[in-house]
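What follows draws every value from the coordinates through simple rules; no lab data is involved. Small disclaimer: the values here were computed from a predicted structure and weren't measured. Glycine also receives a Cβ, built like all others from the backbone with ideal geometry; neighbour counts cover every protein chain displayed.
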Amino acid sequence: DIQIDIRNLGKVYGGTSSDNMVVALDGVDLRIRRGEFISLLGPSGCGKSTLLGIVAGFQSASSGTLLQNGRPIVKPDPSRTVVFQDYALFGWMTVQQNVEFGLKAKGMAKKQRAEIARSLIDMVRLTGFEEKYPHQISGGMKQRAAIARALAPDPDILLMDEPFGALDAQTRVLLQEEIARISSEAGKTVIFVTHGIDEAVFLADRVVVMSPRPGRVREEVTVPLPRP
Ligand code: ADP
Ligand code: ADP
């Protein structure tokens, strides 16, 4: 059951002459099954964020095809939500309001919004912090809130771009364990961008390794590794 089908995807940034062009992606092929947890692993600059941004619909590819359930991805859609490294919470909204944001945008009634937000806030273990503003909570808690906000519209696909990169090592380990639990409980397809091998292997069903210059898939490793 292929949910995302990426074929020969290319992305070129920049101008018309070869000296100001950057080939960020050069023929990426990748098929992702429903419910799969994929880590996209590779060094800085290999095109991970570009690939994630194209799957999100934030930017367009220069060549190739990209399908979700057989239909081309052409723009952002609530069926795919993104968690960024810098949380990107709305600073003027409480945790509760941040989590409800996507539901309010969909026109959902207040009572139902509050109910869904309460269960997600519980899922990310932030119960008791609903009325706090982002500046009043720790980095780990902000990222928990960002995860709850991303899950609120009940997306099919959760895209995470180095989500724990700004956290200290101890908090990162806690959040890794949380996202492993949450993604399996919520039954989401996850694409998790990281340059950390440990994190990639710990979390994913499959690690997709990208090579730099130009960005393309070099290897795919299924986790856990088969025993010899
Ligand atoms: P990664 O996420 O693996 O660090 P990126 O997707 O951010 O890689 O970048 C891939 C390549 O594309 C890099 O060479 C980067 O400098 C270039 N790049 C990324 N965004 C832009 C942009 N908006 N304009 C021009 N070049 C870009
Ligand atoms: P994590 O969020 O991964 O559990 P943190 O280091 O972010 O780890 O926070 C650990 C715990 O410390 C939180 O769960 C919370 O109970 C408490 N805490 C941290 N920062 C604050 C804060 N600004 N106000 C109240 N409690 C906090």
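Only one of Ala180, Ala145, Ala152, Ala117 is under 14 Å from Tyr87 (Cα atoms), surrounded by 15 or more Cβ atoms within 10 Å (Cβ to Cβ) and among the hydrophobic types (A, V, I, L, M, F, W, C); which? One residue alone meets the criteria, Ala145. Please verify whether segment 130-141 includes one or more residues that are within 30 Å of Asp29 (Cβ to Cβ), among the hydroxyl-bearing types (Ser, Thr, Tyr) and surrounded by fewer than 16 Cβ atoms within 10 Å (Cβ to Cβ). No. Val83 fulfils the conditions (1) over 23 Å from Gln176 (Cα atoms); (2) in contact with a strand residue (DSSP E or B) (Cβ under 6 Å, 6 or more places away or on another chain); (3) within 16 Å of ligand 2 (Cβ to nearest atom) except for a single criterion, (1). Cβ separations smaller than 7 Å between residues 6+ apart or across chains give the following pairs from segment 186-208 residues that are more than 25 Å from Pro78 (Cα to Cα) to residues that are within 16 Å of ligand 2 (Cβ to nearest atom) and part of a helix (DSSP H, G or I): Glu199/Gln176; Phe202/Gln176.
Mind checking which residues of segment 184-196 are part of a helix (DSSP H, G or I) and aliphatic (A, V, I, L, M)? Matches in segment 184-196: Ala186 only. Flag: Asn69 matches the condition of being closer than 30 Å to Val99 by Cβ, of a type outside the set (Val, Ile, Thr) and either touching a strand residue (DSSP E or B) at 6+ places or on another chain (Cβ under 7 Å) or more than 16 Å from ligand 2 (Cβ to nearest atom) (or both).
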